[in-house]
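Here is the structure we will look at.
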Amino acid sequence: MLSLVHVSMKTGFVVAGLVGVVLLLASGLYLAGKGKALAFVLEEISAQGPDQPAPKFAPPPLVMMLPTVNTGIALSVAFAMVLKPVSIPIALAIVAAGIVLGALAAPRRPAVARAPVAVSEG
């Protein structure tokens, strides 16, 4: 049977969802700005000619951390939606826990391309 229930916008899980959307939007805007800056730098390098060596880039720590933090935010908001806490502080604590867990799971430094290893046959 289908029933309609009025849910207040001041309910914890609704606030957690809205906070999650705002955080993910801010993160996406930041990453988009960094991506456009990188595209501009690569276009400048390619305009100098194809014989230029490949640049060595190290992304800023925040750029490396945000994808896993975004995953933590999304999973914590989904968890809050399933748990449906009425209390706003509890819902925001769930989102904060997702941010912390995402930051702890983030890579600390970029992966380094290793020099090729010669393999002897025989």
Label model pair S46, R108: point-to-point distance (7 angstrom along the Cα→beta-carbon line) in nm is 3.6
Excluding residues fewer than 8 positions from K56 in its own chain, the lysines with Cα under 27 Å of it are K34, K36
For the L25, S120 Cβ pair and Förster radius 35 Å, calculated FRET efficiency rounded to 0.05 is 0.05
Largest fluctuation, A97, A80, A39 only, Gaussian network model of the chain with Cα springs under 10 angstrom, belongs to A39
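No lab work stands behind these numbers, since they all come straight from the coordinates. Everything numeric here is computed off the predicted structure, so don't read it as measured data. Glycine also receives a Cβ, built like all others from the backbone with ideal geometry; neighbour counts cover every protein chain displayed.
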